[in-house]
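Throughout, read-outs are computed from the coordinates displayed, never taken from laboratory work. Keep in mind that this is a model prediction, so the values were computed, not measured. Neighbour counts run over all protein chains shown; Cβ positions are idealised from the backbone, glycine included.
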Amino acid sequence: MNRNLWLFIMLFFGISVFAQKSELKGVIIDFGTGSPVVGAKVSLKVKNVSVPSVKNGKFIFKNLSPGADELIIESPGYQTFTQNILIKKGEKIDLGNIALIKTAGVVPKSEENIRLFDESDLDDDDNVSSQSASYLAGASDDVFLNAASYNYSPMRFSVRGYEQNASTTYINGVNFNDQERGRFNYSSLGGLNDAFRNKDLVNGIEMPTFAYGSLGGVTNINTRASAYAAGTKASVAYTNRSYNLRATATYATGLMNNGWAFTGSAVFRWANEGIIEGTFYNSWGYFLSGEKVINDRHRISLTTFGAPTKRAQSAAVTQEVYDLRSIYYNPYWGYQDGKKRSSRVVNSFDPTAIFNWDYKITETQHLKSGIGFHYSNYSNTALSFYNAADPRPDYYRNMPSYQINELFDSPENIDYDLVNEIKDQWLNNNTDITQINWNSLYHTNYLNNVANPDGSAKYVLEQRHNDLVETTFNSTYSNRFNKWVNMLAGIDVNYSIGKHYKTMNDLLGGKQWIDIDQFAERDFSDNNMIIQNDLRNPNRKIYEGDRFGYDYNMNVIKAGAFIQGNLSLTKFDISAAFRLSTTSFWREGKMENGRAAVIGATSYGKGKVLNFVDPSGKIGVTYKINGRHRLVLNGLAETRAPYAGYAYVAPRVKDTQIGKVIINPKNPRQYKIKDLPSERVYSYDLTYQFNTPIVKGRITGFHTITQDGTEATGYYNDEFRTFVNHTLSGVNKRYLGVEAGVSVKLNDSFSVSVAGTYGDYRYTNNAVGVMSAENGANLLTGELPKTPADAKNSDIIERVYTKDLRVSTGPQLAASITLDYFHPKMWFADVTLSYFDNNYLDFSPSHFTQMNYYGGTYLNEAGQEIEYSGYLKPKGSTYTKEEKERSQALLKMFGTQEKLDGGFMLDASVGKLIYFNNRKQSLNINLSFSNILNNKNMVTGGYQQGRIGRNNKTPNKDIELVDKYPNKYYYAWGFNCFLNVGFKF
């Protein structure tokens, strides 16, 4: 073989080998601005090679050998980006745009101390939430959102004052907001912070790259296994908050040579007693994710997680109770056989599974689809009683004030010795008085068994279930036509079944419970129909584990499609999007309620289906002043279908939708009821962004109007001994304000961040209210209807004076200043001073009704007219001096929304990161302190009780000039801390 032939063979094989080498490229851009990032260091960890990003942010690796690797992108001022990559022989991989997120100048709070919205922050008593949050903690480099997530959360702050259903949370592109009430259940994540830390967050009505978006912002959590860097992380934490101990561990394989990646995480949280008296916490959580890269065009992944949790609840109480005990007092527990037992215990478990398929159609076209299944098991226990004394220790008749208030008009009859005796028992914490007396409840049932062997127990512990079965599907298609134009389109379908029922948890020594409405049985024991909870199983004997009381499903089907186009020019970026959605829901009763049957309402079987079609349009314009300054204008106009959870007058009893009530302004007794409409929403915001080497931040002004909304509240009415539902329709609101966050780099070690918001969130009209007793009683007389004609006078429909009342979603003024410190040897520290004000207590519509404001003439069951007094005389009346003073006192006491006091909070944290073994292993130690000044005077929320005391002995049932049912409050915790130690290897 001659030399030329050898040269030919060698050249042939050389070309073949070279041709089989792979290549990897991409473009690095700024997440917030979309501008290219030049000079970033791009590395492949396994192959130990690096290239810089050049003009237009591009980078490229050539002649790569096949195998799994980890891509690492580092650039000053940005968070480090990592992604697992599987490189195949001869493959040319184009990663497209890779968005880097700016840091805030220094590393913020420890990554192990990210505050997720925790189920322990919720109180489910009468649907009152003690915590409100709009975002998952960790809002990239946005100074304001970081402050809202960390510093403002103890005050139950809501961004822009929006309710929780204004924000949407996706997991791997799949929408997991509850379609019955519109909220994402953060407790389902179970403290799995490390597993759910990879996320994209879009503020307000800005345009997301993965969905249409929503009014209050949207978050997408990425749990695909390839998104986690290979290795193991474990941590242990101590805190004196809702739980005391937390242990977590996470293991990830990274993307392996066979195209598979796996990630697993587990967490355990525990407290024998949390910071609130009588509250325990026992929770663990699991997370598993697997992903398979089939080829360069197809990826599939499967994620499953859940967090079985059992915890005790706490309650809002009156100021009198706090003054006698402390802000950590909790009325939901007592001693039984020397051990603390809670009457309010939550059991929750939300097993979830998500399957995703990512299809790279071409280099510029991508299709991402996902289907999720979710089964939320949620229940909480509560004491119930029949023909017996109220077992609540803080029941108003058990308090010292009641002994005075009851005899307010005859002070000479007040027994001050009794008042002082009760007060001393509370101050000295006689737990037989200040807490639930479990032994007394058992003893009462024992005596009842002896006296009436076949009778219903006097006291029982019932378990209220609110389960949710949900299947949801999302798919998005994206196409980048050229460097100026791209589009995003998507569809989503959600079907959910909310299951609401009660079971018997504990008969407390009683022999049985009869399934009748004891509140209806009080006056109509001779009417065997009206007292039945289920006419198909009358007088059914209930034993532990049986369903009783109510049982119904709420079915919701929602589907939508959207399209979004983006045009990027030299000076302007312009985006527009349109969405069309349909919503259908109906109630399905499992019991035939006797009160509903008497008034001719439906309670059993499938109810009327409500259908809604809702369009939505968005537009966004960005003016790029230069590379460091820009103006952004966003707008939204849409209609939103009402949520099924707020669309029924008394869903536990009957299938009666709220409807929109239109009252004749000339005759308040005349009104029309139309079908419930969709809520209309109009919103816009204007943002100025700036990003210089020293100063970074933004200032945003926003304005949102909502019209024709629906709200529902409920409370227990002691006088009529029944649960009262009060729904509002035709509700209009306005959200107006400004939010800002600025970070200033003082030097290489120190920076200062200032954040704040000032808003005005209020009702802008007088809504129409429908007040309905769950036992069917007439709320003016307490009588139960016997015929459908009687039922017309049972519900009270009237004007509710909501105009200029404030939206109760946390402080409308919040500000903070943070001093951050960073040392090159990986020491971190920060100190934050925050101020809160303009916080308003949640009002009860019953205090602002036409009847309570101006009185009026109403018919009783016998058709007789009864004149009721109000705070004020009818319009146009004149007042004597005494009448005017009385009216002003009544208005201040009952007809005014309480503004809570403002105040300061001081927080701090310190942390140390230690590397080992050439930075392959690290130890992270973080200690944070909250409310260092131990400010225990900050009311974070609460509610106005629904009932108003009237003197039924007077001809006009005068409102008493004493507050027998004062407001109830939640207080911010005093000093608390969090210590975390984590090891990564």
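Note down the magnitude of the dipole of the chain about its Cα centre, charges +1 on Lys and Arg C-beta and -1 on Asp and Glu C-beta and zero elsewhere, to the nearest 20 debye.
Dipole about the Cα centre, nearest 20: 4420 debye.
Which of the three applies to the range 21-100, rounded, prolate or oblate, going by the alpha-carbon gyration tensor with a ≥ b ≥ c and a/c under 1.5 meaning rounded?
Since a/c reaches 1.5 and a/b is larger than b/c, the shape of the range 21-100 is classed as prolate.
Can you give the local net charge around GLY589? Use residues other than it whose beta-carbon is closer than 10 angstrom to its beta-carbon, Lys and Arg +1, Asp and Glu -1.
That works out to 0.
How much length would be gained if the chain were fully extended between TYR442 and ASN63, taking 0.36 nm per residue of separation minus their Cα-Cα distance, in nm to one decimal?
128.5 nm
Take the Cβ-Cβ distance between ASN539 and ASP432 as r, set R0 to 30 Å, and report the resulting FRET efficiency rounded to the nearest 0.05. Could you put the intermediate results ahead of the total?
Values: r = 35 Å, r/R0 = 1.18.
Efficiency, from the Cβ-Cβ distance: 0.25.
Among ARG299, ARG160, which comes first, then next, by fewest other beta-carbon atoms within 10 Å? Please list the in-between numbers first.
Working: ARG299 21, ARG160 28.
Ordered from fewest to most neighbouring Cβ atoms within 10 Å, ARG299, ARG160 come out as ARG299, ARG160.
Kindly write out, for the range 644-653 in residue order, the coupling ³J(HN,Hα) from the Karplus curve 6.51 cos²θ - 1.76 cosθ + 1.60 (θ = phi - 60°), rounded to whole Hz, with x marking Gly and Pro.
4, x, 10, 9, 10, 5, 8, x, 6, 10
What FRET efficiency comes out for the pair LYS873/ILE72, r = Cβ-Cβ distance, R0 = 51 Å, nearest 0.05? Can you show the working numbers first?
On the way: r = 75 Å, r/R0 = 1.48.
Efficiency for this residue pair is about 0.10.
Which order do peptides 578-589, 42-53 fall in by mean Cβ count within 10 Å, highest first?
Packing proxy ranking, top to bottom: 578-589, 42-53.
Using 0.36 nm per residue of separation minus the Cα-Cα distance, give me the extension gain between ASN56 and ALA353 in nm, one decimal.
Extra length available between ASN56 and ALA353 comes to 102.9 nm.
Quick check: from the Cα gyration tensor, does the chain come out rounded (a/c under 1.5), prolate or oblate? Show your work: numbers first, answer last.
On the way: a/c = 1.89, a/b = 1.85, b/c = 1.02.
Here the chain falls in the prolate category.
Mind pulling the angle between the C-alpha long axis of helix 438-451 and the longest principal axis of the chain? Nearest 10 degrees, somewhere in 0 to 90.
So the helix axis and the longest Cα principal axis differ by about 50 degrees.
Could you check what % of the DSSP bridge pairs in the chain are antiparallel, to the nearest 5?
95 percent
What angle, in degrees between 0 and 90 and rounded to the nearest 10, separates the Cα long axis of helix 881-894 from the longest principal axis of the Cα atoms of the chain?
Tilt relative to the chain: about 40 degrees.
For the residue pair TYR335 and ASP546, what label-to-label distance in nm results when each label sits 7 Å from Cα along the Cα-to-beta-carbon direction?
3.5 nm
Would you grab the residues whose amide H sits under 5 Å from the one on MET399? Only those 5+ places off in sequence or on another chain, please, with H modelled 1.01 Å from N.
none
According to a simple spin-label model (label point 7 Å from Cα along Cα-to-Cβ), what is the distance in nm between ASP390 and ASP415?
About 1.9 nm, to one decimal.
Select from GLY182, GLY306, THR362 the residue farthest towards the positive end of the dipole of the chain; place +1 on Cβ of Lys and Arg, -1 on Cβ of Asp and Glu, and compute about the Cα centre.
THR362
Set the Förster radius R0 to 25 Å, insert the Cβ-Cβ distance between ASN626 and ASN97 as r into 1/(1 + (r/R0)^6), and round the FRET efficiency to 0.05.
Given R0 = 25 Å and the Cβ-Cβ separation, E is 0.70.
Could you give the size of the charge dipole of the range 21-100 about its Cα centre, using +1 on the Cβ of each K and R and -1 on the Cβ of each D and E, expressed in debye and rounded to the nearest 20?
That gives the range 21-100 a dipole magnitude of about 340 debye.
Between THR80 and ILE817, what is the label-to-label distance in nm when each label sits 7 Å out along the Cα-to-Cβ direction?
3.4 nm
Go ahead and estimate [θ] at 222 nm for the chain from helices alone: -39,500 (n - 2.57) per DSSP H run with n ≥ 4, summed, over the residue count, rounded to 500.
Details: 12 runs with 102 residues, N = 985.
Value at 222 nm, helices only: -3000 deg cm²/dmol.
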